[in-house]
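Heads up: the structure comes next, in structure tokens.
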Amino acid sequence: MRHQIHDLLAPVPGTARQIHSFHFGPEQAQGKIYIQASLHADEMPGMLVAWHLKQRLAELEAAGRLSSQIVLVPIANPVGLEQVLMDVPLGRYELESGQNFNRWFVDLSEEIGNDIEGKLGDDPQRNLELIRTSLRNALARQTAATQLQSQRLTLQRLACDADMVLDLHCDFESVVHLYTTPEAWPQVEPLACYIEAQASLLATDSGGQSFDECFTLLWWQLQERFGEHFAIPLGSFSVTVELRGQGDVNHPMASRDCQALLDYLVQFGAIVGEPAALPPLPFAASPLAGVEPVVTPVGGLLVYTAQAGQYLDAGQQIAEIIDPITDRVTSICCTAAGVMYARSLRRMATAGMVIAHVAGAEAYRSGYLLSP
């Protein structure tokens, strides 16, 4: 294991922060896997899974079973990790800018496209290496003006040349689910099976330039621009894995999730071994554009009548909103059938608040598809 320390831009003297990356396997390996946890710094299940992974990867490395380089970042957001206000962690948004820590990573697709134009050829592997070199160089030229930009750039530089990027998150109260692209789904489906994802949500571009899509979109856009004339493989695919809810931090779950990720890496070929049998996928993949953010039109005491992971029929009740002053009870129902994979932690709703997400089978939304 090789431990690297990456200094972030300090906003004021005496407040320097760092990102720590742990590198396993052969340095000159053909393949590279990148895994990070807790980019939203109030989401801890992934950090515990990363800790379990760190122990297991060290054992696998000592046994000579790693065929790919595997880079692990257990704490991807030291900036947000320190944001605690009156005992409440605030790790989703940077307090100074109000920006979501998982949005607006650098988009270099046009710059890379301009750089490689005229250099592409008939060899897909040569084109892949050409693009990766151009991307590494472009990211190296970027300069950060703020601590947040410095953190984003550090993470992008660590992951930019990986074949696979796994970003470990969680929701508020939820079952295991994941986000990836339709193009990557054939490669990601075994992961969904191993972790028993109850929703697998697919979108090529969900808006917001999130960490996972800053890689997949680059390759997709280069394929759109040059693919008619040159063979450009999908040089990287990314998955955001949502490991249940914020309170689901315990060793039995983390150990099980760790094993599921290792099983997937064996199946992918990054770890030498016999792949474990694939469990059945609980629910088929569905479009992210088919997710219904269920909104309450009124405020009041939020009482759920449906559980995370429950399959709902169209029009089925999810919750009641109770006004303790007028005694009015408002029933909140989903519009289309699907799995309610996540719901809010809050129990006092405000008018216009999203209280749950239901994964429907048919796409009906467009544009920005992410939560704020």
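Below are the figures for this structure:
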read-out: Protein-only accessible surface order, largest first, of ILE355, ILE322 at 1.4 Å; value: ILE322, ILE355
read-out: Rh (Kirkwood; distinct C-alpha pairs) - segment 193-348, Å; value: 19.0 Å
read-out: Value of relative contact order over segment 1-140, rounded to a whole percent, pairs C-alpha under 8 Å and six or more apart; value: 22 percent
read-out: Rg followed by Dmax, in Å, when segment 298-372 is reduced to its Cα trace; value: 12.9, 39
read-out: Dipole magnitude of segment 187-282 about its Cα centre (Cβ charges: Lys, Arg +1; Asp, Glu -1), debye to nearest 20; value: 100 debye
read-out: Candidates ASP171, ASP257, ASP122: whichever shows maximal mean-square fluctuation once the chain is modelled as a Gaussian network with Cα springs under 10 Å; value: ASP122
read-out: DSSP-defined beta bridges in the chain - what % are antiparallel, rounded to 5; value: 65 percent
read-out: Sites LYS119 and ARG141, calculated FRET efficiency, Cβ-Cβ separation with R0 25 Å, nearest 0.05; value: 0.90
read-out: Charge context of ILE19, other residues only, Cβ under 13 angstrom, K/R +1, D/E -1; value: +2
read-out: Accessible area in the full protein assembly, largest first, 1.4 Å probe, for LEU345, LEU120; value: LEU345, LEU120
read-out: Cβ-defined net charge surrounding LEU191, 12 Å radius [Lys, Arg +1; Asp, Glu -1]; value: -4
read-out: Approximate spin-label separation GLU274-GLN209, in nm, with each point projected 7 Å along Cα-to-Cβ; value: 4.8 nm
read-out: Long-range Cα-Cα pairs in the chain (distance over 32 Å), rounded percent; value: 34 percent
read-out: Under-5 Å amide H pairs with PHE237, H placed in peptide plane, nonlocal only; value: MET164, VAL165
read-out: Within the chain: Cβ-based charge dipole about Cα centre, in debye rounded to nearest 20 (Lys, Arg +1; Asp, Glu -1); value: 600 debye
read-out: Highest-fluctuation residue, GLU61, GLU111, GLU189 considered, GNM on the chain with Cα pairs under 10 Å; value: GLU111
read-out: Relative contact order computed over the chain (Cα-Cα under 8 Å; 6+ residues apart), in percent; value: 17 percent
read-out: Computed magnitude of the charge dipole of segment 1-81 (debye, nearest 20; Cβ of K, R +1, Cβ of D, E -1); value: 140 debye
read-out: With DNA, RNA and ligands ignored, accessible area of MET348 (1.4 Å probe; Å², nearest 10); value: 110 Å²
read-out: Estimated distance in nm for a label pair at ALA284 and LEU234, the labels positioned 7 Å out from Cα along Cα-to-Cβ; value: 1.9 nm
read-out: Pairwise label distance in nanometres, LEU90 with THR326, each label 7 Å out on the Cα-Cβ vector; value: 3.2 nm
read-out: Surface/4 estimate of mean projected area, convex hull on alpha-carbon atoms of segment 108-235, nm²; value: 8.9 nm²
read-out: Within a Gaussian network of the chain (alpha carbon springs, distance under 10 Å), most fluctuating of THR326, THR180, THR143; value: THR326
read-out: Listed residue (VAL294, GLY315, PRO279) projecting farthest to the positive dipole end of segment 252-323, Cβ model; value: PRO279
read-out: Over the chain: helical MRE at 222 nm, DSSP H runs n ≥ 4 each giving -39500 (n - 2.57), nearest 500; value: -9000 deg cm²/dmol
read-out: For segment 1-35 and segment 142-203, distance of Cα centres in Å; value: 18 Å
read-out: Probe 1.4 Å, all protein chains present, accessible-area order of ARG225, ARG141, largest first; value: ARG141, ARG225
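The values are calculated or read from the model by the stated rules, or taken from the named source; none is laboratory data. None of the values given here were measured: they were computed from a predicted structure. Note that we place each Cβ from the backbone using ideal geometry, even for glycine, and neighbour counts take in every protein chain shown. Ligands, DNA and RNA are excluded from the accessible area calculation, which covers all protein heavy atoms including side chains. Shrake-Rupley method; radii C 1.70, N 1.55, O 1.52, S 1.80 Å.
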